[in-house]
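What follows is a short report on a single structure.
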Amino acid sequence: MRKIAGIIGPSKPDEEEKKRAYEAGKFFAEKGYVVATGGLGGVMEEAMKGAKEKGGITLGIIPGSMKKEANPYCDIVIPTGIGKMRNVLLILCCDIVLACGLSEGTFTEIAYAYAFGKKIFTYGFKIEKPYKIPWVKSLKEIDL
């Protein structure tokens with residue numbers, strides 16, 4: 001069974017968050033992981049773009065009910081029709097979760113990952129309260 005890496009972050013990222021997501025997508029694809037995101041724009045699209053450039057498989061779990069809402073880098077699209085609650089489904093399917101930036105949606109995904117006991121890291125930033133989440137400065141630091 002293929003392992004799945006969830007790459008999460010804002011749909012309206014800054015340039016640094018975009019870069020981290022793109023690098024993370026490439027990294028996990030090179031390691032043989034399916035790269036899963038919420039399937040829309042921003043960090044989600046950048047992560048999938050990086051994965052595709054390395055020949056990876058991508059999975060988009062989108063909030064809407066129409067496959068055409070997904071970004072062009074999604075190989076497999078799962079339309080949920082449940083809005084932001086799709087964040088639960090995204091996290092549950094992942095073996096590892098990497099946050100490349102923060103938004104209100106990302107905070108919920110981090111909380112779900114923590115609650116479900118998923119291996120989770122933040123990349124390039126720290127979260128120490130209310131939970132201390134492991135963080136990495138370099139993708140090479142991630143214990144797969």
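Here are the numbers for this structure:
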| quantity | calculated |
| --- | --- |
| Under 5 Å, built H, 5+ apart or other chain: amide partners of residue 122 | 99, 135, 136 |
| Vicinal HN-Hα couplings computed from phi for the stretch 114-126 (Karplus, 6.51 cos²θ - 1.76 cosθ + 1.60; Hz; Gly/Pro x) | 5, 5, 8, x, 6, 6, 9, 9, 9, 10, x, 7, 10 |
| Label-to-label distance, nm, for residues given as residue 144 and residue 3 (7 Å Cα→Cβ offset) | 0.6 nm |
| From phi via Karplus (6.51, -1.76, 1.60), per-residue ³J(HN,Hα) for the stretch 60-65 in Hz, x at Gly/Pro | x, 9, 9, x, x, 10 |
| Calculated from backbone phi, Karplus (6.51, -1.76, 1.60) coupling profile of the stretch 4-18 in Hz, x at Gly/Pro | 10, 10, x, 10, 10, x, x, 7, 10, x, 7, 5, 5, 5, 4 |
| Given 13 as the ceiling on other Cβ atoms within 10 Å, longest exposed-site-free region of the chain for trypsin sites (Lys or Arg not before Pro) in DSSP loops | 4-125 |
| For residue 78, distant residues with modelled amide H under 5 Å away | 60, 61, 62 |
| Electrostatic dipole magnitude of the chain [Cβ: Lys, Arg +1; Asp, Glu -1; Cα centre; debye, to 20] | 240 debye |
| Förster radius 22 Å - calculated FRET efficiency between residue 53 and residue 14 (Cβ-Cβ, nearest 0.05) | 0.55 |
| Convex hull volume per residue for the stretch 85-144, taking Cα atoms only, in Å³ | 79 Å³ |
| Amide H contacts under 5 Å for residue 57, placed H, 5+ residues apart | 35 |
| Computed [θ] at 222 nm, helices only, for the chain once each DSSP H run of length n ≥ 4 contributes -39500 (n - 2.57) | -10000 deg cm²/dmol |
| Contact order normalised by residue count of the stretch 21-140, Cα under 8 Å, 6+ apart, percent | 18 percent |
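Values quoted throughout were computed directly from the atomic coordinates according to the rules given, and no laboratory measurement underlies them. It should be emphasised that the depicted structure is a prediction, and the values quoted were computed from it without experimental measurement. Methodologically, a virtual Cβ is constructed for each residue, glycine included, from the backbone with ideal geometry; neighbour enumeration extends over all protein chains shown.
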